[in-house]
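To keep things clear, I will list the structure first and then write my remarks on it.
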Amino acid sequence: MQDLQIIYDELQTRQAELNSYFELLDKTKGHPKAEKLITFFLTMLNIPRDDESYMAALTRLVALREDALVEVMKKNGFDEQKMQKKKEVAYGFVYDFHIQRHEALIQWIEQKKLLTPFYRSLIYGVHYVGQYMTLWQSEWTRHILHSVNLELSEMFNGDDAKVFEMLQSESLLDKDSSGNVGDRCYSVLQKEDDGFKSVAYAEAFPKHIQSVTGALEQLVKRLALEQDDVFGQKEEWIAYFNAIKEAFAHSVPDELIGKWAEVDRRWMAVKTPLQVGHPLEYYEDHYRKAVALEWDLRIVNPALQSNSSTKENIKLFASLMAKGFGGDAENIMAKNLTQVEETQLYIGQPMLYYAAEFNGLFSAQVVPNDEQVSAELGKKIFAYADFVMQGKKSKPIMKLSVEVMGETFVKAQRALIETNPDLWHELYDISTVGHEYGHILWIDSDTEMKMNLSGQFKNIEEFKATTGGLMAFFANEKEAIRDHVVDDLVSRAVSLMAWREVGEVLPYYCEGLIHLDILFASGIVTYDDTLTIDYSKYDAMKEAYQTAYTNLAKHYLNKADAQLYLSEYAVKEAGVYLPKEGRVKSFVEHYYARYKAIGQQTVMLLG
């Protein structure tokens, strides 16, 4: 464990050095190394250099998010086709930059002879696989997101419900091991003369699959030569990597979910402080939920492995609520709470990351998504508290935040991180770890499939998750931190409004719309030039959330179409979800207009 702490601390140091690139925007400091890199990056993209483009470029390179860069491209008159090409160039630049950082870290671990030969071989092998996954990512994105999905949308004039109806009727969705339509796909659509056919990744991307499976084979061979003398998990690791290789190579679409469920089972047996992340999530593909090309290595912080109080609070409120509903609710919740109890919590940070993750890293994650596997074995929750805190500390103050939330609020949020990190970690546990536990609740084996008939399940699921964590806090309140919980909730809801045109994070934008409706309706939030929080309305807000969450839980228990719940709060106008309530809509429209105008501008605050 001592070696793990040394590596973890070194990662913290290296991440702090990377985050220091944001000092480029501070005229009193500057950062020559970052300036040289960002100048080259922007020149390569044909984007004029100014403070806004510097901020967008740093967000892409350091925070791995491309939404800010897209806004700058739009401001500079790039059309859709040009933006796609430039986004591809930017991805390649980001990939090269971070791969060099990964290789420097691996070399440092080798030189210091940290960990055992088994785990040094594992780290190198994960990196080797990750490079091939990254080379595949662009083709995956081009085929699914920029080709097939655009065509599907155009075929039905942007009517998502009709797209889903066609995919169901033409049997173009992967089936689970019981023969039912699954909640995700490991295949893609290919054009035929009279429509589409579904083909496995192995058939659609044969060269990439050959490279990835070859790299996995090499990894297994390297591990076979060594012994795991510390954790005794050699067999579990090898079984896991072999299962991934087999799943990637499989070519029968309707057997793919079953193959990947076996990967998840093997993965749940791996319980070491180093964890690999494989293809698990499916936010990018709005229509068929094709699972993204995730690949990473995560490391726990040995000093932070303590039980989260949120876990017990989740169990307390959820069991009481289910008892109040009676019937099936108690049966479903009993299964959910078994998963909660069996959940493995890993508090740490990303160590190596590739492919889809060069377009953004998680702040936390609860997986696997396969409910059959979770019913058998529970889940894993990953929480990157240190990583998130470092990012928040280093990012400049945004002009938009000061304009909307007020200078006093913004200063207080920054001061909290600097002066009271223990409180910040407690709030992270409530909001972020609570969010991940909240995902587990009210879910049966077929819930997502039945609720996703209109394709909107994810667009209410993120609200359910965050509010689940909030309900856990309500069940065991600490009065001393109530106002801080409100601050965190309000700032999250507001900031999510920037994402309304970013498809892969649409579920979070929709979550924010529902939060804002509740916050405005309860009176805890008003807007007149700046957003004002009236903490005396806390009880009204609490009651409003409890009512909204109770209705949502019933919706899940009935396995009703998610669109019905979303439509209580938001309506689609010109392809964009907007609030139904007038005051909320006025605020959201104003915020987004200001985001487009000044969203990448930073500001220095005195004192």
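Couple of notes before you dig in:
- Under Karplus coefficients 6.51, -1.76 and 1.60, residue-wise ³J(HN,Hα) of region 528-533 in Hz, glycine/proline x: 8, 6, 10, 7, 10, 10
- Annotation: lysines with alpha-carbon distance below 16 angstrom to K175 (same-chain offsets under eight excluded): K197, K259, K289, K450.
- Gain in span if fully extended, S536 to K393, counting 0.36 nm per residue against the direct Cα distance: 48.5 nm
- Rounded to 5, the percent of DSSP beta bridges in the chain classed as antiparallel: 85 percent
- Three-way shape label, the chain, alpha-carbon gyration tensor, a/c 1.5: rounded
- Each label was represented as a point 7 Å from its Cα along the Cα-to-Cβ direction; for D528 and L150 these points are 4.7 nm apart.
- Relative contact order (%) - region 297-351, alpha-carbon pairs under 8 angstrom, separation at least six: 64 percent
- Counting every other Cβ atom within 10 Å of each residue's Cβ, L115, L135 order from fewest to most as L135, L115.
- Nonlocal amide H pairs with T602, under 5 Å, H built at 1.01 Å: K399
- Spacing of the modelled spin labels on E217 and F97, each 7 Å from Cα toward Cβ, amounts to 3.6 nm.
- Full extension of the chain between Y124 and N157 yields a length gain of 7.2 nm, computed as 0.36 nm times the residue separation minus the alpha carbon distance.
- The chain - mean residue ellipticity at 222 nm from DSSP helices (-39,500 (n - 2.57) per run, n ≥ 4, rounded to 500): -19000 deg cm²/dmol
- Integer Hz, Karplus 6.51/-1.76/1.60 couplings in order for region 320-333, x for Gly and Pro: 5, 5, 5, 4, x, 6, x, x, 4, 4, 5, 5, 5, 5
- Each of W424, W267 has some number of other Cβ atoms within 10 Å of its Cβ, and from fewest to most they run W424, W267.
- The chain, relative contact order in percent, only Cα pairs under 8 angstrom and at least six apart counted: 14 percent
- J(HN,Hα) series, region 290-295, from Karplus relation 6.51 cos²θ - 1.76 cosθ + 1.60, nearest Hz, glycine and proline x: 4, 6, 6, 8, 7, 6
- Amide hydrogen neighbours beyond the local backbone of L297, cut-off 5 Å, H modeled: G277, M351, L352, Y353
- Cβ-based exposure ranking for R101, R60, R222, in which fewest neighbours within 10 Å come first: R101, R222, R60
- Global geometry of region 390-439, whether rounded, prolate or oblate, following the gyration tensor of its Cα atoms and the 1.5 cut on a/c: prolate
- Taking 0.36 nm per residue of separation and subtracting the Cα-Cα distance, full extension of the segment from V571 to R142 would add 151.5 nm.
- Count Lys and Arg as plus one, Asp and Glu as minus one, and take only other residues whose Cβ is under 11 Å from that of Q275; the net charge is then +2.
- Distance in nm between pseudo-label sites at I598 and T116 (7 Å out along the Cβ direction from Cα): 5.8 nm
- Calculated FRET efficiency, T408 to E479, Cβ-Cβ distance, R0 = 22 Å: about 0.50 to the nearest 0.05.
- Under the criterion of Cα pairs below 8 Å and six or more residues apart, the relative contact order for region 12-120 equals 17 percent.
- Long-range amide H partners of K380 with built H, under 5 Å: Q344, V367
- Ranked by how many other beta carbons lie within 10 Å on average, peptides 200-210, 539-549, 271-281, 320-330 from highest: 271-281, 200-210, 539-549, 320-330
- Cα gyration tensor, region 347-405 - rounded (a/c under 1.5), prolate or oblate: prolate
- Our note on the geometry: Cα centres of region 311-359 and region 163-187, 26 Å apart.
- Förster-model FRET efficiency, 45 Å R0, N551 and N242, C-beta, rounded to 0.05: 0.50
Here, each number is a calculation from the coordinates, and none is a lab measurement. Remember, predicted model here, so these are calculated numbers, not experimental data. Using ideal geometry, Cβ is built from the backbone for each residue, glycine included, and neighbour counts are taken over all protein chains shown.
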